[in-house]
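Participant: Below: one structure in structure tokens.
The values are calculated or read from the model by the stated rules, or taken from the named source; none is laboratory data. What you are looking at is a predicted structure, and each value in this text was computed from that prediction instead of being measured. Every residue, glycine as well, gets a Cβ built from its backbone with ideal geometry; the counts of neighbours run over all protein chains shown. The protein model used for the area step is the full one, side chains on, heavy atoms only, and it has no ligands, DNA or RNA in it. Shrake-Rupley method; radii C 1.70, N 1.55, O 1.52, S 1.80 Å.
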Amino acid sequence: MWLVALALLPWWLGLPLLLGIAAALLVGAERLQPFASTLRLTLRWGLPGVVLALKRWLGGDALAWTIAAVAALVGFTLLAGLESWLDRARRREAAQAEAEAPRTAEWPDLALAPLRVGGIVELVPVQWHALDEAANDSLDDGRGGRVRYRREPGFAGYVFDDGSRVEAPPGRLCVSPRGRWLALEAQPGVLLWDRDLQQRHRLRRRRLCGWHDESPWLQGSDAGMPLPLRDALGRERPR
């Protein structure tokens, strides 16, 4: 639309209009900011219209074509410079955001980087025990105390010398090497009791296969890879 309109106007009317729009964009008046994109589009399409109007005013000889071509070259060069000046703040923000973003290693860095190999996980084997309530059997809890099975009015479960109590049916149990965890065999799965956090974890699709760094590791099947408790809980299906 602007191309046709300015091509039909005399060039000496269209050129001041384009210069006025360029000056308004350079000044950057706040009241014109909402219309900045429209004004820039007007310059892009209006410049060819002014060049055509100049060519029409000069005539159809070779000199007219040469002058129009030079005017178009100069005009589009100035327009490109104006666009670059107006976008300087946007480029600065993009460069700052790129500088603040975490750097991702390129493939040469990754190829030359040393391999990160985790330590070997050696599991302490599980030693299951069955406590005979009638014989008042007890088991070392790893913290210098003992754990026993007790039946009392309103309670049936395991009692530690420090006063900790875990309500559970009788069965095979084991305690972690330093006494933080109590593990009880359950059908199906295993019941784990964290004495430090007073938390119970019931896993129905895993069995306890060992201890590492005072944490339980569990296995889904005989051929499955042992997993630490956090990963095993993440793979448990909600019930």
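Participant: Can you compute the modelled spin-label distance between residue 198 and residue 231, with each label point 7 Å from Cα toward Cβ, in nm?
Facilitator: 3.2
Participant: Give the carbon-plus-sulfur fraction of the accessible surface of the range 147-233 in %, rounded to a whole number; probe 1.4 Å, heavy atoms of protein chains only. Spell out each step's value before the answer.
Facilitator: Numbers: 2120 of 4460 Å².
Result for the range 147-233: 47 percent of the exposed heavy-atom area is carbon or sulfur.
Participant: Moving to a separate point now. Tell me the Kirkwood hydrodynamic radius of the range 164-239 in angstroms, computed as one over the mean inverse distance between distinct C-alpha pairs.
Facilitator: On the way: mean 1/r = 0.0794 Å⁻¹.
By the Kirkwood definition, the hydrodynamic radius is 12.6 Å.
Participant: Suppose each label sits 7 Å from its Cα in the direction of the beta carbon; what would the residue 27-residue 134 distance come out to in nanometres?
Facilitator: Here the modelled spin labels are 10.4 nm apart.
Participant: Regarding the range 127-184, what is the average projected area of its C-alpha convex hull, in nm²?
Facilitator: Values: hull surface 14.8 nm².
Average of the hull's projected areas for the range 127-184 equals 3.7 nm².
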